[in-house]
Structure formats: C-alpha cells, structure tokens
Amino acid sequence: MADININEADVELKGFVDVDINPALDLFHEIEVLKKEKNAVVLAHYYQEPDIQDVADYIGDSLGLAQQAAKTSADMIVFAGVHFMAETAKILNPSKKVVLPDLKAGCSLADSAPAAAFKAFKEQHPGHVVISYINCTADIKAMSDIICTSSNAQKIIESVPADQPIIFAPDKNLGAYLIKKTGRDMVLWNGACMVHEIFSQQKILKLKAQHPDAKLIAHPECEEAILQYADYIGSTTQLLKFAVTDAANKFIVATETGILHQMQKDAPGKTFIPAPPDNMCACNDCPHMKLNTLEKLYLCMEYEQPEILMDEQIRLAALKPIQRMLEISKAAGLGG
Ligand code: SF4
C-alpha cells in the first residue's frame, strides 16, 4: 500500500479517497497489478463507464453480480456499481473486504424506500409476503421474504402460492409490469428509478418513425407509456442477449446508456440508439453509477477504502431473502 496516511473520516465525508495520482501511471496496468497483489476481483455493473467495464473481471446486471459475489474466492471484492450492490456483496461475504470506488454512488430507487416508512407500510398489510427488488437498502432487504432482480422477478413471484398476498417493493413500474405478466394482484410500494422514468414517449415515437427498421428494447423499470411500444422487454442482460441474437440490425435502447458499450462490443455491425430522455440533456446516464471513475477505482484498490461495513444483525436478516432468491434462480436455471 502507498505510504500515505488516509483519514477515514475524510473518506467518509467525501465518499472516496482523494489523493493525487501520478499522471504517468497506466491505470489499466496498475489495476491488474493490484488485483494480483491483493487477490482482488473487480465486479462491474453494465451501467459503469466503458473504462471500468474494460478492467472488470466480471460485468453483469444485479443478478449476475450477486451470483458472482456469492461464489468468489477473492479476498477483496471491488464493487464498481452503486451502494446497495456493494452492500449485497458484503451481506454474502462477511469475512471479505468489500470496497466501492465512491461511497456516495447511491440509487434514487433504493432511496425511495426509507426503512421506517416501509416498516409502517408492511404493518398496514399483515399476512403479505414481501418480495423486494434487489435495488433497495440492506434495511429493506432485512424486512423482506424474498429478493428478486428484473431477470428472475417473474419466476420468484410464480414460486409463491397463488392465494398468498404479496407486497412488491420498491419499484412501482417493475411491479406494474409484473402484475400484467403474472396476473398476480400485488400491493406496490410507490418508488421509481429516476433514469428509467425519464424517457420521453413522444421523442421515442418520433425516433421510431425516423428509423422504421429499428426495434425498441426496454427495461421493465420504464413506465408503461414506454413499455407499451417496446418490441422486447427484459433485464439488462436479457436486453444485451436479445440485441446480439435478434435478426434486426438497429435498436432503440430504453435503459441506462452504459449498456451500449457492451452491445457495441458484442455486435459491432449493429446500430444502437439511446432512447431520448424527456429533458434537454442528450444522455440518460445514471448520475449515481457515473460517480465511479477509473481513478477512484484504482484508489479504492490501492488504499482499500471506502469499505462497506454493516451491522451483523441486519446482515443476517438481509441474507435470508437473498439466499432464497439465489436458490429459486438456480432451480429455475437462471444464470450463475
Ligand atoms: S439506474 Fe436507477 S435503479 Fe439503477 S442505480 Fe441508477 S437510479 Fe438506481
């Protein structure tokens, strides 16, 4: 480790290790050296910037990342994603060090379900099984019966007996989509993702008219106003697979723009157009995901900070519904 004293309180305040990096350093090379030196694995979400995706040992969506975190033999997990994802890795690996490039990489969807309000909501609906989307805090996971991701949500809901009432949290758009898909009448928590709620139906329809040969593919966190026009709806991994294997050569992609990097890499001859958001900005990047940079990734590996730490009681309570999800996913042959 470099011979510089890092003040933990300062890291917590800023969210990341704020140390100047020698501009002559080749960070791609240095990160590879640190991986070996520290027996570290870099897990990155598809929404991370391209440089981070290119140094990752594994790139995936929430389900794939949780599965990788569950089976890694590394001593240190470097989680290039947002806070709840790194928390999930820690819940699964209490004895391993889990670091996140920027502690402030949060999630508007996870933030939309504060623990105290959710506890009260649960009390208003006694006898309900709680299925929570993985995009929630450890506190919400600890109050849930089963966790799900957009890849396995349908299978998870279908694993619950038909006469059992269900609360689905925290994403109301994904919940509404799943009600349609499964025919189950679930009670929905009123949360949403700021990135997937921003797409403009009007601009997408205009784009479709300009590119009649393009297929619209969308993440189920999008609103019904967008999903009703989609040629295909799926999790980030499912969208990637569809874009690569489908006969079409052009796609309008309604999810975070980070996935376009892998789509372009895996299908270099095809055209991918990011679906336009309903604002003046030309992009639909997740501002939380994009807080992580290659520099912060290098620094968190070098100084092993900021580290994810958690209350053991919460961890144990949050572990159960995640394990339940992993078991159901495995039995259904979903990834892993
Ligand atoms: S894209 Fe949405 S759900 Fe994903 S991390 Fe960003 S705010 Fe959260």
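No value in this document is a laboratory result; all are computed from the given coordinates. All values reported here derive from a predicted model rather than from experimental measurement. In this analysis, Cβ positions are derived from the backbone assuming ideal geometry, glycine residues included, and neighbour counts consider all displayed protein chains.
Some observations on this one:
- Packing-based exposure ordering (other Cβ within 10 Å, fewest first) of 76, 289: 76, 289
- Per-residue Cβ neighbour rank within 10 angstrom, fewest leading, 128, 29, 261: 29, 128, 261
- Each peptide in 46-57, 142-153 receives the mean, over its residues, of other Cβ atoms within 10 Å, and ordering these scores from highest gives 142-153, 46-57.
- Taking the helices alone, the chain has a mean residue ellipticity at 222 nm of -12000 deg cm²/dmol, built from -39,500 (n - 2.57) per DSSP H run of at least 4 residues and averaged over all its residues.
- Reachable lysines, given that their alpha-carbon falls under 26 Å from the alpha-carbon of residue 206 and they are not under 8 places away in the same chain: 215, 241, 250, 270
- For residue 98, distant residues with modelled amide H under 5 Å away: 77, 308
- Euclidean distance of C-alpha centroids, segment 98-153 and segment 259-324, integer Å: 17
- Applying the Karplus relation 6.51 cos²θ - 1.76 cosθ + 1.60 with θ = phi - 60° to segment 16-24 yields 3J(HN,Hα) values of 8, 6, 9, 10, 5, 9, 4, x, 7 Hz, where x marks Gly and Pro.
- Springs between Cα atoms under 10 Å define the GNM used for the chain, and in it the highest mean-square fluctuation of 269, 175, 60 occurs at 269.
- Computed from phi, the 3J(HN,Hα) profile of segment 217-224 under the Karplus parametrisation 6.51, -1.76, 1.60 (θ = phi - 60°) reads 10, 9, 7, x, 6, 6, 6, 4 Hz, with x in place of Gly and Pro.
- Mean separation of Cα pairs under 8 Å and 6 or more residues apart, divided by the residue count, gives the chain a relative contact order of 23 percent.
- Scalar couplings 3J(HN,Hα) for segment 122-131, obtained by applying the Karplus form with A = 6.51, B = -1.76, C = 1.60 to θ = phi - 60°, are 4, 5, 6, 10, x, x, 8, 7, 9, 9 Hz; x denotes Gly and Pro.
- Amide H to amide H, with H built 1.01 Å from N, residue 151 comes under 5 Å of 63, counting only residues 5 or more places away or on other chains.
- Ranked 136, 107, criterion: other C-beta atoms within 10 Å, fewest first: 107, 136
- Point-charge dipole on Cβ atoms (K/R +1, D/E -1) for the chain, about Cα centre, debye to 20: 1300
- Mean separation of Cα contacts under 8 Å, 6 or more apart, over the residue count of segment 86-185: relative contact order %: 25
- Relative contact order for segment 201-274: 29 percent, from Cα pairs under 8 Å spaced at least 6 residues apart, divided by residue count.
- Residue 133 long-range amide H proximity, modeled H, under 5 Å: 148, 169, 171
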